[in-house]
Amino acid sequence: MVYVFGGFDIPVFEIIFIVSVLLIIGLTIIILGVYYILKEVQALRGLIRREGVDIKEFDADIAKLEKGAVKKKDNELTGYVKACRSRGYSSAQIRKTLLGAGWDEKAISQALGGRK
């Protein structure tokens, strides 16, 4: 047998075998680690895609809610204008009051029926 390192009684073939086994174990651990990381990245991509879809749905829901709120405000404004007219206020008086309350000109004109 061939011995290495002079004073140690370890044959060269045993050292080569031990180093080979350690290399195989190390490579196996590295390959499994890379596989695990790639699976996690793939799962993360799926979550990001689903999050994007959820955000789009959320934005659409917010737009629907805002549209409903605008309609409700328009109905509220129209009801106010009708109530004022039934009490005998002129369109100019109603417009002045609504402008003072912060309503925009376009919404007031629509509620008054396009009259100034």
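Just so it is clear, none of the values below were taken in a lab; they were calculated from the coordinates. What you see is a predicted model, and the numbers here were worked out from it, not measured in a lab. Here the Cβ is made from the backbone with ideal geometry for all residues, glycine too, and neighbour counts use every protein chain on show.
Observations on the structure shown:
- Projected label points at K64 and L47, each 7 Å from Cα along the beta carbon direction, are separated by 2.8 nanometres.
- (1) -0.35, -0.49; (2) -0.52, -0.66; (3) -0.68, -0.75, with the label sought being that of the calculated log10 I(q)/I(0) by the Debye sum over Cα atoms at q = 0.11, 0.13 Å⁻¹: (3)
- For region 55-112, chymotrypsin sites (Phe, Trp or Tyr not before Pro) meeting the loop criterion (DSSP other than H, G, I, E, B) and having at most 15 other Cβ atoms within 10 Å: Y89.
- Coupling constants for region 43-55 follow from the phi torsions by the Karplus curve (6.51 cos²θ - 1.76 cosθ + 1.60, θ = phi - 60°), and in residue order they are 5, 5, 4, x, 5, 5, 4, 5, 5, x, 5, 4, 5 Hz; glycine and proline get x.
- 12 Å beta-carbon shell around A60, net charge (K/R +1, D/E -1): -2
- Simple spin-label estimate for I15 and I29 gives 2.3 nm between the two label positions (7 Å along the Cα-to-Cβ direction from each Cα).
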